[in-house]
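Novice: Here's a structure for you.
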Amino acid sequence: MFVPTAGKDVVCRFVFGVACGCSFGFTSKWESKEIMALIVQKFGGTSVGSPAKIKAVAERVLRNKSQGNQMVVVLSAMSGETNRLVDLASQMQELPDTREMDMLLSTGEQVTVSLFAMAVKEAGDDAVSFLGDQVKIKTDSVHTKARIESIDSEKIRAELNQGRVVVIAGFQGVNEKGDITTLGRGGSDTTAVALAAALKADSCEIYTDVEGVYTTDPNICAKARKIDRISYDEMLELASLGAKVLDIRSVTLAKRYKVPIHVRSTFTETEGTWVIEEDKQMEGLIVSGVTYNKNEARITVSGVPNQPGIAAKIFTPISDENIIVDMIIQNQDAGKGKADMTFTVIRSDYERTLKLLQQLIKKIGAESVQGDTDITKISIVGVGMRNHSGIASTMFSVLAKEGINISMISTSEIKVSCVIEEKYTELAVRALHDAFELDKSNVSIEEQ
Ligand code: ADP
Ligand code: ASP
Ligand code: MG
């Protein structure tokens, strides 16, 4: 029988405040462990990729429930399904309408949550599935990349208190008009962390097809090493630079609401990776990971008048369309008073951005716009870089030695990124992983 704690019953509506900055009713409670745990578990597409896999996940969840835990399960669509739906949309409309896109994409998760609830019932237990709007996962109205604003946890608690497994569709919410929204690719991770924060869950487990967060993608580098513990900040960098094992917004939320995340495998019992607050031991590593992102495209606006305000004239209409710009480089041609502006956007925004700029160039007096999609952004990440020089130059030398040309560079306190030709991705990842000896654990600053 489930007896909710007083603390769990008090707060029903949880507001994720960016605009208002409010998080009332929320205090971190991971410090004080309770006897009975409320666990949020998220299973990704490969984990629920077939009826047999869904049954296996249901059994795993029920094992946890039988130990006296309350279980909230967040599911992705079956692997390949969201891509299939994106492809269908592109056969209907050149630039699919984003509201209709969300209507379509949200269906993938509806399939898995309902099948999962059936599997639990078949196993003799009880479960109930919900879509985003049924548990009031309220978002803004930016279709295909909406942000969660609040969650009403009352209904979830009521079902948990009835002894049911609550199964929630990841990746989706509802806007103020009642329209379905989606959170952007990989967004089920964010649904899980948001629910863990809203429900003050005792743990938030992200189950996937690898055993945790690695020093680089284990699927392209055999020497990749699993990281036991990683700070929110480092994970934010890894995720933002392409380590898709966790969606970046899930890490942002986890950091803000102090939700420890345990990333682990659906197919083994092995302890995975804990994503938590930074501690001294973590700072010992100069470079903790190599990432790559093939999901960007490069655009160059050539012959731009080199005068004050020109960057704003190019980038304001782009941001007004909710298109995120990543790296920016401006090359000046001193002779002609003209400049070239090169930048990267998410690949799915490429066509839209090109179209927008083609209409804009005459207005701003630029000569032409062109772009390409066969690029990769390759990055090295590590909080220890803050206090160390020479990391970027080592990276450039390693790429040069492999004959890989760098076309754009950007740095922050804890990362260096280079844009290279896509065909060199695997080669660059392996060479950098070797050069920074990431296969060896606990390489201290002194040893490097
Ligand atoms: P899910 O469908 O479970 O959400 P994803 O495909 O989104 O899974 O994320 C898991 C994948 O992330 C792995 O299969 C792996 O190829 C990739 N990946 C990229 N970088 C890393 C990394 N640093 N550590 C672990 N996995 C990574
Ligand atoms: N099904 C969505 C996607 O493939 C969301 C997710 O899996 O997290 O991007
Ligand atoms: Mg994912």
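The values are calculated or read from the model by the stated rules, or taken from the named source; none is laboratory data. Here the structure is a predicted model, which means the values were calculated and not measured. Heads up, the Cβs are rebuilt from the backbone with ideal geometry, glycines too, and the neighbour counts pull from every protein chain shown. Surface accessibility is based on the protein's heavy atoms, side chains included, excluding ligands, DNA and RNA. Shrake-Rupley method; radii C 1.70, N 1.55, O 1.52, S 1.80 Å.
Novice: What single numbered condition from (1) open to solvent by less than 10 Å² (accessible area, probe 1.4 Å); (2) small (Gly, Ala, Ser); (3) modelled with pLDDT under 95 fails to hold for SER407?
Specialist: Status for SER407: all satisfied but (1).
Novice: Tell me yes or no: at least one residue of segment 270-277 is of a type in the set (Gly, Ala, Ser), over 20 Å from ILE406 (Cα atoms) and within 25 Å of the chain's Cα centre (by Cα).
Specialist: Quick first cut of segment 270-277, residues of a type in the set (Gly, Ala, Ser) only: 272.
Adding the requirement that they be over 20 Å from ILE406 (Cα atoms) leaves 272.
Applying the additional criterion that residues be within 25 Å of the chain's Cα centre (by Cα) yields 272.
Checked segment 270-277: at least one residue is of a type in the set (Gly, Ala, Ser), over 20 Å from ILE406 (Cα atoms) and within 25 Å of the chain's Cα centre (by Cα).
Novice: Looking only at helices (runs of 4 or more DSSP H) that fall completely inside segment 319-436, which ones have 3 or more residues that are under 25 Å from ALA224 (Cβ atoms) and within 25 Å of the chain's Cα centre (by Cα)? Before the answer, list the steps.
Specialist: Details: elements: 350-364, 391-401, 425-435.
Once the helices (runs of 4 or more DSSP H) in segment 319-436 are filtered for at least 3 residues that are under 25 Å from ALA224 (Cβ atoms) and within 25 Å of the chain's Cα centre (by Cα), what remains is 425-435.
Novice: What is the residue count in segment 147-166 for residues that are closer than 19 Å to ASP126 by Cβ and assigned to a strand (DSSP E or B)?
Specialist: Total meeting the criteria: 2.
Novice: Tell me, yes or no, whether segment 231-242 has at least one residue that is open to solvent by 10 Å² or more (accessible area, probe 1.4 Å), within 13 Å of ligand 1 (Cβ to nearest atom), farther than 12 Å from ILE276 by Cα and free of Cβ contacts under 8 Å to residues at least 24 places away in the same chain.
Specialist: Yes; the residues of segment 231-242 include at least one that is open to solvent by 10 Å² or more (accessible area, probe 1.4 Å), within 13 Å of ligand 1 (Cβ to nearest atom), farther than 12 Å from ILE276 by Cα and free of Cβ contacts under 8 Å to residues at least 24 places away in the same chain.
Novice: Take the conditions touching a strand residue (DSSP E or B) at 6+ places or on another chain (Cβ under 6 Å), on the phi < 0 side of the Ramachandran plot and open to solvent by 30 Å² or more (accessible area, probe 1.4 Å) and apply them to ARG347. Does it pass? Talk me through it step by step, then tell me what you get.
Specialist: On the way: touching a strand residue (DSSP E or B) at 6+ places or on another chain (Cβ under 6 Å): yes; on the phi < 0 side of the Ramachandran plot: yes; open to solvent by 30 Å² or more (accessible area, probe 1.4 Å): yes.
Here the answer is yes, as ARG347 does meet what is asked.
Novice: Moving on. Please list, ordered by first then second residue, the pairs with beta carbon atoms under 8 Å, 6 or more apart or interchain, first in segment 176-193 and closer than 10 Å to ALA146 by Cβ and hydrophobic (A, V, I, L, M, F, W, C), second open to solvent by 10 Å² or more (accessible area, probe 1.4 Å) and at pLDDT below 95.
Specialist: From residues that are closer than 10 Å to ALA146 by Cβ and hydrophobic (A, V, I, L, M, F, W, C), the pairs are LEU183/LYS145.
Novice: Look through segment 192-224, keep the residues that are within 19 Å of GLY49 (Cα to Cα) and of a type outside the set (Gly, Ala, Ser), and return whichever of them is farthest from ligand 1 (Cβ to nearest atom).
Specialist: Among those that are within 19 Å of GLY49 (Cα to Cα) and of a type outside the set (Gly, Ala, Ser), it is GLU205.
Novice: While we're looking at this one, here's another question. Any residue at all in segment 106-120 that's open to solvent by 10 Å² or more (accessible area, probe 1.4 Å), touching a Phe, Trp or Tyr at 6+ places or on another chain (Cβ under 8 Å) and touching a residue at least 40 places away in the same chain (Cβ under 8 Å)?
Specialist: Within segment 106-120, none of the residues are open to solvent by 10 Å² or more (accessible area, probe 1.4 Å), touching a Phe, Trp or Tyr at 6+ places or on another chain (Cβ under 8 Å) and touching a residue at least 40 places away in the same chain (Cβ under 8 Å).
Novice: All but one of (1) more than 21 Å from the chain's Cα centre (by Cα); (2) within 15 Å of ligand 1 (Cβ to nearest atom) hold for LEU75; state the number of the condition that does not hold.
Specialist: Of the numbered conditions (1) more than 21 Å from the chain's Cα centre (by Cα); (2) within 15 Å of ligand 1 (Cβ to nearest atom), the odd one out for LEU75 is (1).
Novice: Oh, and also: For the list (1) out of contact with any Phe, Trp or Tyr (no Cβ under 7 Å at 6 or more places or on another chain); (2) within 16 Å of ligand 2 (Cβ to nearest atom), I need the number of the one condition that VAL57 fails.
Specialist: Unmet for VAL57, out of (1) out of contact with any Phe, Trp or Tyr (no Cβ under 7 Å at 6 or more places or on another chain); (2) within 16 Å of ligand 2 (Cβ to nearest atom): (1).
Novice: Would you be able to say whether some residue in segment 12-20 is out of contact with any His (no Cβ under 7 Å at 6 or more places or on another chain), modelled with pLDDT of 95 or more and among the β-branched types (Val, Ile, Thr)?
Specialist: Our first condition is that a residue be out of contact with any His (no Cβ under 7 Å at 6 or more places or on another chain); within segment 12-20, this holds for 12-20.
Narrowing further to those that are modelled with pLDDT of 95 or more: none.
Looking for residues that are out of contact with any His (no Cβ under 7 Å at 6 or more places or on another chain), modelled with pLDDT of 95 or more and among the β-branched types (Val, Ile, Thr), one finds none in segment 12-20, hence no.
Novice: So, in segment 58-85, exactly how many residues are within 15 Å of ligand 3 (Cβ to nearest atom) and either more than 19 Å from ARG264 (Cα to Cα) or among the β-branched types (Val, Ile, Thr) (or both)?
Specialist: 5
Novice: Right, something else. Is it true that ASP247 is under 21 Å from ASP202 (Cα atoms), in contact (Cβ under 8 Å) with a residue 40 or more places away in the chain and acidic (Asp, Glu)? If you could, list the steps in order and put the result at the bottom.
Specialist: Values: under 21 Å from ASP202 (Cα atoms): yes; in contact (Cβ under 8 Å) with a residue 40 or more places away in the chain: yes; acidic (Asp, Glu): yes.
Criteria met by ASP247.
Novice: Then there is this: Could you grab me the full set of residues in segment 60-89 that are part of a loop (DSSP other than H, G, I, E, B) and at negative phi? Give the steps one after another, and end with the answer.
Specialist: Keep residues of segment 60-89 that are part of a loop (DSSP other than H, G, I, E, B), which gives 67-69, 76-80.
Selection gives GLN67, ASN69, SER76, ALA77, MET78, SER79.
Novice: Among the residues of segment 166-189, are any surrounded by fewer than 24 Cβ atoms within 10 Å (Cβ to Cβ), small (Gly, Ala, Ser) and either within 15 Å of the chain's Cα centre (by Cα) or within 15 Å of ligand 3 (Cβ to nearest atom) (or both)?
Specialist: Yes - at least one qualifying residue is present in segment 166-189.
Novice: Now for a different question. Which residue out of LYS440, LYS415 is among the basic types (Lys, Arg), crowded, with 21+ Cβ neighbours inside 10 Å and closer than 19 Å to TYR214 by Cβ?
Specialist: Numbers: LYS440 fails: crowded, with 21+ Cβ neighbours inside 10 Å.
Result: LYS415 is the single residue among LYS440, LYS415 that is among the basic types (Lys, Arg), crowded, with 21+ Cβ neighbours inside 10 Å and closer than 19 Å to TYR214 by Cβ.
Novice: Looking at segment 262-273, is at least one residue open to solvent by 50 Å² or more (accessible area, probe 1.4 Å), farther than 17 Å from PRO218 by Cβ and in contact (Cβ under 8 Å) with a residue 12 or more places away in the chain? Reasoning before the result, please.
Specialist: Filtering segment 262-273 down to residues open to solvent by 50 Å² or more (accessible area, probe 1.4 Å) leaves 267, 269-271.
The next check asks that each one be farther than 17 Å from PRO218 by Cβ; those that pass are 269.
Next, only the ones that are in contact (Cβ under 8 Å) with a residue 12 or more places away in the chain stay: none.
Scanning segment 262-273 turns up no residue that is open to solvent by 50 Å² or more (accessible area, probe 1.4 Å), farther than 17 Å from PRO218 by Cβ and in contact (Cβ under 8 Å) with a residue 12 or more places away in the chain.
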